[in-house]
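The values are calculated or read from the model by the stated rules, or taken from the named source; none is laboratory data. Keep in mind that what you see is a predicted model, and the values were worked out from it rather than measured. FYI the Cβ positions are ideal-geometry reconstructions off the backbone, even for glycines, and counts take in every protein chain you see.
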């Protein structure tokens, strides 16, 4: 088992019809799937994402299967760190970025990476996680039902009120188990639960927010 401690300085999340903390709080309690509206803009899938720009990749593969010439722009935008690179260019932000893909463990592994970077540089690090349903050509139990993204500003802190543990020993507690990859911290951010568990591929995880005990 290993664990990291940190603080969440700010956060934001998006899904169709879910944009505010209150909307996320109500949805997490009720559990009704949000509906995609025609004018909704889908999130860019970048930074931490289990599948990256998979929809663009499928389009390229379909073009290859038809012996059609590949779009240079489509090819250049099919890499996993596409949106991170575009954001860096359009904003003039020259800060380093890391893209992470670790299957069902992606968000947690990205969190460990963010805490390590924050500890090293002594400054907060932005962690962005995004995912969307897989293309119809893929059959996988690991596919979200709707597009969503969550961003957190992370500060490494050995005495931080947030803790992420891998393979926690205290398996007897009554933490809620989250099956939807990437959703676990939202339950703590919206104060629906103080601690939750997430089942990954390589590890099981426990998210805990000690700050909720003191509020």
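Assorted remarks:
- Looking only at region 88-108, and only at residues there that are buried (at least 17 other Cβ atoms within 10 Å of the Cβ) and not in a loop (DSSP other than H, G, I, E, B), the one that is nearest to the chain's Cα centre (by Cα): 107
- Residue 47 modelled with pLDDT of 60 or more, on the phi > 0 side of the Ramachandran plot and within 18 Å of the chain's Cα centre (by Cα): yes
Every residue, every condition in (1) modelled with pLDDT under 70; (2) touching a strand residue (DSSP E or B) at 6+ places or on another chain (Cβ under 8 Å); (3) farther than 29 Å from residue 159 by Cα, yes or no:
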site	(1), (2), (3)
57	yes, no, yes
64	yes, no, yes
67	no, no, yes
71	yes, no, yes
76	yes, no, yes
79	yes, no, yes
110	no, yes, no
117	no, yes, no
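- Selected residue (criterion: nearest to residue 161 (Cα to Cα)) from residues of region 12-27 that are surrounded by fewer than 18 Cβ atoms within 10 Å (Cβ to Cβ) and in contact with a helix residue (DSSP H, G or I) (Cβ under 8 Å, 6 or more places away or on another chain): 21
- Condition check for residue 202: closer than 16 Å to residue 24 by Cα and at pLDDT below 95: no
- Test for residue 127: is it at pLDDT 85 or above, touching a helix residue (DSSP H, G or I) at 6+ places or on another chain (Cβ under 7 Å) and in a strand (DSSP E or B): yes
- In region 195-205 there is at least one residue matching the filter, namely being over 18 Å from residue 103 (Cβ atoms), free of Cβ contacts under 8 Å to residues at least 24 places away in the same chain and not in a helix (DSSP H, G or I).
- Filter pass, residue 181 being modelled with pLDDT under 85, under 21 Å from residue 8 (Cα atoms) and outside any helix (DSSP H, G or I): yes
- Filter pass, residue 194 being modelled with pLDDT of 90 or more, farther than 27 Å from residue 19 by Cα and surrounded by fewer than 18 Cβ atoms within 10 Å (Cβ to Cβ): no
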